[in-house]
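J.: Okay, handing you the structure first.
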């Protein structure tokens, strides 16, 4: 029946509404709106040295405030309408398209709220590095590689494996993905950090429990002009690609490794068939890493500066426990899931949204 379909549609939008309400409260937009309104209404505001900046912020928050009120009131009105017309199929048919539009607007507005930083809309590079634990951690790194590829498939993100270093016995030592779609950086920045796995080892004949670690790094793609890279500062090496890729890439030295001598940063790419293509991609990765280092130095003394910890016990952002019980827990937000199989199959959005909402409660930094 139409009434059941519409109720189900609005029920599916309820988690998004809760996310919007939580984010709105934590970000204290209304408090800031009132502060800016008081400042801009002062008689001598036109003499304020930050007049243009404050006016821009005020108009942006005012627009956000109006859209927020529209979204919340439209959702409440939709709930009231389907209750009012639940016995009238003709009236329900008349509001069906509006309810579907409102649900789409809710989902769109939620993402706009959560992903409000300049770099959030960028494509990104996701790197996986196995940590302490040898074969165990290399196998765990490979499990994470699959998890993020599955996540990208679920979210219709385009993903390329740019670099892939196989483990000595199993799994991978490292891998780098290029993830392309609007908001890739904004969503996946929640994954940056050390991930810990607890399980009965498939490599231990005595079936003992092992703990493994792997680190995830997220770098937004930057414009070519964002960082200047001088040719004299680069050492470029070619090598034969390893891993998947077909006969051509494995039999020719098409893979590229670039070392930025002043910083010591090393990047490599073996995804494409030609050296030229791999060099171009590697240079873009290098610029992203250099830009990230510059930004990190700029933020070094701020409260929210990233703490790049060693890949070992005590530094994890998330734990995946498969034995003696089943649980995935994010240690930054305390969000948990009792279904690690689904999480490892790419169902990460609940963890990501919870993290982004929690971030809104943090004090803003310049």
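The values are calculated or read from the model by the stated rules, or taken from the named source; none is laboratory data. This one's a predicted model, so the numbers in the text were calculated from it and none came from an experiment. FYI the Cβ positions are ideal-geometry reconstructions off the backbone, even for glycines, and counts take in every protein chain you see.
J.: Out of all the residues in segment 90-105, which are closer than 11 Å to residue 71 by Cα and either surrounded by 15 or more Cβ atoms within 10 Å (Cβ to Cβ) or in contact with a strand residue (DSSP E or B) (Cβ under 7 Å, 6 or more places away or on another chain) (or both)?
T.: 102, 103, 105
J.: Of all residues in segment 310-349 being surrounded by 19 or more Cβ atoms within 10 Å (Cβ to Cβ) and in a loop (DSSP other than H, G, I, E, B), which is modelled with the lowest pLDDT?
T.: 311
J.: Moving to a separate point now. Is segment 132-153 home to any residue that is in the same structural domain as residue 347 (by TED's automatic domain parsing), modelled with pLDDT under 95, surrounded by 20 or more Cβ atoms within 10 Å (Cβ to Cβ) and in contact with a helix residue (DSSP H, G or I) (Cβ under 9 Å, 6 or more places away or on another chain)?
T.: yes
J.: Considering segment 287-307 alone, what residues qualify as being surrounded by 13 or more Cβ atoms within 10 Å (Cβ to Cβ), outside any helix (DSSP H, G or I) and either out of contact with any helix residue (DSSP H, G or I) (no Cβ under 8 Å at 6 or more places or on another chain) or modelled with pLDDT of 55 or more (or both)?
T.: Once the filter is applied, which keeps residues that are surrounded by 13 or more Cβ atoms within 10 Å (Cβ to Cβ), outside any helix (DSSP H, G or I) and either out of contact with any helix residue (DSSP H, G or I) (no Cβ under 8 Å at 6 or more places or on another chain) or modelled with pLDDT of 55 or more (or both), segment 287-307 yields only 299.
J.: Could you check, for segment 350-358, whether at least one of its residues is under 16 Å from residue 197 (Cβ atoms), assigned by TED's automatic domain parsing to the domain that holds residue 210 and either modelled with pLDDT under 95 or crowded, with 17+ Cβ neighbours inside 10 Å (or both)?
T.: Scanning segment 350-358, I find at least one residue that is under 16 Å from residue 197 (Cβ atoms), assigned by TED's automatic domain parsing to the domain that holds residue 210 and either modelled with pLDDT under 95 or crowded, with 17+ Cβ neighbours inside 10 Å (or both), so the answer is yes.
J.: Follow-up question, since we're still on this one. Out of all the residues in segment 6-29, is one or more over 32 Å from the mean Cα position of the chain (by Cα), assigned to a helix (DSSP H, G or I) and at pLDDT 90 or above?
T.: Checking segment 6-29: not a single residue is over 32 Å from the mean Cα position of the chain (by Cα), assigned to a helix (DSSP H, G or I) and at pLDDT 90 or above.
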